[in-house]
Amino acid sequence: MEKDIFCKINDGEIPSSVVYEDDKLKVIMDKFPVSPGHMLIIPKYHVTDALDMDDETFAKLNSIIKKMINKCYEVLHADGVAVVQNNGICQEVKHYHVHIIPKYKKEISLKNEEIYKKLIDNK
């Protein structure tokens with residue numbers, strides 16, 4: 001079976017802009033953001049959906065979601081944040097992941113590289 005894109009990212013086969021990383025999870029910038037600052041949280045091991053994830057990783061994931069939401073407000077000055085996670089037929093990539101999507105009242109003009117730098121400079 002061919003590896004999915006997130007397994008390839010975790011294995012270093014595909015480069016990514018890493019915002020946060022620990023022994024279980026990685027937060028990367030979405031390559032095709034729907035909004036400036038769009039991030040993805042992915043487990044560092046293959047897990048298809050929420051029901052397949054171990055409880056320890058799931059608990060850790062929730063604390064990282066909260067941390068990334070705070071970054072959206074504090075660092076990117078977002079006016080809101082959408083947290084999106086799909087399971088089953090809703091998934092385009094069959095590897096569990098959470099979208100953290102900052103929302104803004106006004107359009108912001110920062111480029112992805114500038115946003116990434118702001119996020120990693122404010123750890």
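Only the coordinates and a few stated rules stand behind these numbers; no lab work does. All figures in this text were calculated on a predicted structure; none of them were measured in a lab. As a convention, Cβ positions derive from the backbone with ideal geometry for all residues, glycine included, and neighbour counts pool all protein chains shown.
Summing charges over all other residues whose Cβ lies under 14 Å from the Cβ of LEU61, with Lys and Arg as +1 and Asp and Glu as -1, gives -2. Report, by chain and number, residues whose modeled amide H sits under 5 Å from the one on VAL19, excluding near sequence neighbours (fewer than 5 apart, same chain). Those qualifying (amide H under 5 Å, at least 5 residues apart or on another chain) are VAL27, ILE28, MET29.
Sparsely packed loop sites in region 68-108 (the chymotrypsin sites (Phe, Trp or Tyr not before Pro) outside DSSP H, G, I, E and B with at most 15 other Cβ atoms within 10 Å) comprise TYR104.
Normalising by the residue count of the chain, find the relative contact order in percent from Cα pairs under 8 Å and 6+ residues apart.
Values: 178 pairs, mean separation 34.8, N = 123.
Relative CO of the chain lands at 28 percent.
Principal-axis analysis of the Cα atoms of the chain puts helix 55-74 at an angle of about 10° to the longest axis. With a ≥ b ≥ c the root eigenvalues of the C-alpha gyration tensor of region 53-108, is it rounded (a/c under 1.5), prolate (a/b larger than b/c) or oblate? It is oblate, given that a/c is not under 1.5 and a/b is not larger than b/c.
Remark on LYS103: its backbone amide H falls under 5 Å from those of ASP79, GLY80, VAL81, ALA82, a criterion applied only to residues 5 or more positions apart or on other chains, H modelled at 1.01 Å from N. Rounded to whole Å, the principal axis extents of the Cα atoms in region 1-92 read 41, 28, 28, largest first. Placing +1 on the Cβ of every Lys and Arg and -1 on the Cβ of every Asp and Glu, with no other charges, gives region 8-106 a dipole of roughly 500 debye about its Cα centre. Along the charge dipole of the chain, which of MET39, VAL75, ILE101 sits closest to the positive end, that is, farthest toward it, with unit charges on the beta carbon of Lys, Arg, Asp and Glu (+1, +1, -1, -1)? Selected residue: VAL75. Could you give each residue of region 105-118 its phi-based ³J(HN,Hα) in whole Hz, using Karplus coefficients 6.51, -1.76, 1.60 with θ = phi - 60°, and x for Gly or Pro? The phi angles translate into 5, 10, 5, 9, 9, 5, 7, 3, 5, 5, 5, 4, 4, 4 Hz. In the chain, the sites counted are GluC sites (Glu not before Pro) in DSSP loop states with at most 11 other Cβ atoms within 10 Å, and the longest stretch holding none of them, exclusive of the sites, is 14-91. Listed cross-link partners LYS60/LYS105; LYS3/LYS118; LYS44/LYS105; LYS8/LYS106; LYS26/LYS103 are compared with a 28 Å cut-off, the Cα-Cα value being larger for LYS60/LYS105; LYS3/LYS118; LYS44/LYS105; LYS8/LYS106.
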